[in-house]
Amino acid sequence: MAPSVGVLTFHRCINYGSYWQARCLVEGLRGLGHDAVLLDHDSAAAKRAEWRCALAPLLPEQSPASDRALYRAKVRSFQSAVAALPLSQPFDLASPGTMAACDLVVVGSDEVWNLRHPWYGGVPAFFGSGLPTRGLVSYAASFGNHDAAEGLGVPWRDWLARFACISVRDANSSALVRVATSRRPVIVLDPCLQFPPRLDHAGETGNYLAVYGHGFPCGVRSMVRAWAGRHGCAIRSVGYRNDWADEQHLAAGPHDFAAHMAGARAVVTNFFHGCVFALLQSKPFACSPSAYRFNKVRDLSALLGLGERLVDDRSSQAQVDALLGEPPGDGVMRRIGALRAASFDYLDRALH
């Protein structure tokens, strides 16, 4: 029997956020009583691009040759973790009509609508084109760094008009949908915040600061090292090499990542899901977003009242010290609770 709900997202990206948002969404929908699976699309070109990025993630900076074996181990951990998820029969992403039909397709989360994504940008299937389904909705979809000022042209705006219900996870994506379709999409929580993962092996809290990301500004690195030095706290880099860190955990798989984040005393990141996992664990954190991720991080911060958590070279040492010393307050948790209720309301409408 065909699954009643298929989730179309970036579930095979070698990226912690992509894995966890896919897992949390499909498991969350199953927890709500739906027969949900991840639609297991395949693309040889995307797979090659994904591997090139995973084995040399710091380009144009070259990674040491010794790191490649560690990054290969990381890739294998992702492959094993994805294989354990509820998956549909594989199908060619370029021929979505070959996918096993399902009653409803949920597109998202992640930046599935980012026209500037280096290998998935503008792929018709992520806009619902050619999918064999009777219903089409989105959950927490994002246009990533495709800015609202750039707008949407044909055929993407026409494809979006076919969605019965549209929800996004950031204000930039909301603006793009409003202009393109004259509809006001619902802003919902990322699946990791909506359906918090159960971490069976979270590890023990240690005296280390977890760093998730790469390419941090020099001033931010110096201020973080100064804070860590005063507190006798090791700096642990997870998933990517940061030479200014004390420890490099490059082979960490998605479950290892969650454990490192859960055990940290504080978190420094420039990734969207670095912020999300810090929030999930009520960790003190600071974020210095890169240009590629700026829209997503800025809008998450505005949505939850976290603007002071964004830092750059112009920030003061006192500001960084304060952020790494105190977790987000009760007001942030109340906003997450209110958005979780609104997101459940959206899902109830969209899935029935």
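The values are calculated or read from the model by the stated rules, or taken from the named source; none is laboratory data. On a predicted model such as this, the values are computed, not experimentally measured, just so you know. Please note: Cβ atoms are built from the backbone with ideal geometry, for glycine as well, and neighbour counts cover all protein chains shown.
Tell me yes or no: at least one residue of region 8-18 is assigned to a helix (DSSP H, G or I) and either in contact with a Pro (Cβ under 6 Å, 6 or more places away or on another chain) or buried (at least 24 other Cβ atoms within 10 Å of the Cβ) (or both).
So far as region 8-18 goes, yes, one or more of its residues are assigned to a helix (DSSP H, G or I) and either in contact with a Pro (Cβ under 6 Å, 6 or more places away or on another chain) or buried (at least 24 other Cβ atoms within 10 Å of the Cβ) (or both).
Considering (1) in the same structural domain as Arg184 (by TED's automatic domain parsing); (2) out of contact with any helix residue (DSSP H, G or I) (no Cβ under 8 Å at 6 or more places or on another chain), say which one Ala318 fails and leave the rest.
(1)
Could you say whether any residue in region 332-351 is farther than 21 Å from Leu193 by Cβ, assigned to a helix (DSSP H, G or I) and hydrophobic (A, V, I, L, M, F, W, C)?
Checked against the condition, which is being farther than 21 Å from Leu193 by Cβ, assigned to a helix (DSSP H, G or I) and hydrophobic (A, V, I, L, M, F, W, C), region 332-351 yields no hits at all.
Give the number of residues within region 143-162 that are touching a Ser or Thr at 6+ places or on another chain (Cβ under 6 Å) and either in a loop (DSSP other than H, G, I, E, B) or outside the structural domain of Arg116 (by TED's automatic domain parsing) (or both).
In the first step, residues of region 143-162 are kept if they are touching a Ser or Thr at 6+ places or on another chain (Cβ under 6 Å); the result is 143, 159-161.
Next, only the ones that are either in a loop (DSSP other than H, G, I, E, B) or outside the structural domain of Arg116 (by TED's automatic domain parsing) (or both) stay: 143, 161.
Number satisfying all stated conditions: 2.
Can you tell me which residue within region 78-99, out of those that are of a type in the set (A, V, I, L, M) and part of a helix (DSSP H, G or I), is farthest from the chain's Cα centre (by Cα)?
Ala83
Could you say which residue among Gly325, Gly337, Gly305, Gly331 is surrounded by fewer than 20 Cβ atoms within 10 Å (Cβ to Cβ), closer than 28 Å to His117 by Cα and not hydroxyl-bearing (Ser, Thr, Tyr)?
Step by step, each of Gly325, Gly337, Gly305, Gly331 is checked, and only Gly305 is surrounded by fewer than 20 Cβ atoms within 10 Å (Cβ to Cβ), closer than 28 Å to His117 by Cα and not hydroxyl-bearing (Ser, Thr, Tyr).
Test Ala228 against the criterion of being out of contact with any Phe, Trp or Tyr (no Cβ under 6 Å at 6 or more places or on another chain), surrounded by 18 or more Cβ atoms within 10 Å (Cβ to Cβ) and free of Cβ contacts under 8 Å to residues at least 24 places away in the same chain, and give yes or no.
When the stated conditions are applied, Ala228 passes them.
One line per residue, one yes/no per condition, for (1) free of Cβ contacts under 8 Å to residues at least 60 places away in the same chain; (2) touching a strand residue (DSSP E or B) at 6+ places or on another chain (Cβ under 8 Å):
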residue: Ser4; (1), (2): no, yes
residue: Phe10; (1), (2): no, yes
residue: Ser18; (1), (2): no, yes
residue: Gln21; (1), (2): no, yes
residue: Gly28; (1), (2): no, no
residue: Gly33; (1), (2): yes, no
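Pick out the one residue from Leu250, Leu280 that is closer than 15 Å to Pro197 by Cα, surrounded by fewer than 24 Cβ atoms within 10 Å (Cβ to Cβ) and in contact (Cβ under 8 Å) with a residue 24 or more places away in the chain.
Numbers: Leu250 fails: closer than 15 Å to Pro197 by Cα.
Sole residue among the options that is closer than 15 Å to Pro197 by Cα, surrounded by fewer than 24 Cβ atoms within 10 Å (Cβ to Cβ) and in contact (Cβ under 8 Å) with a residue 24 or more places away in the chain: Leu280.
So is Val75 under 22 Å from Leu193 (Cα atoms), aliphatic (A, V, I, L, M) and either in a strand (DSSP E or B) or in contact (Cβ under 8 Å) with a residue 24 or more places away in the chain (or both) or not?
The answer is no for Val75.
Where the second residue is of a type in the set (Ser, Thr, Tyr) and the first is within 14 Å of Leu280 (Cβ to Cβ) and lies in region 312-338, which pairs have Cβ atoms under 6 Å and are six or more apart or on separate chains?
The qualifying pairs are Pro327/Ser282.
Would you check if there is a residue in region 44-57 being hydrophobic (A, V, I, L, M, F, W, C), within 19 Å of the chain's Cα centre (by Cα), surrounded by 15 or more Cβ atoms within 10 Å (Cβ to Cβ) and within 20 Å of Arg134 (Cα to Cα)?
no
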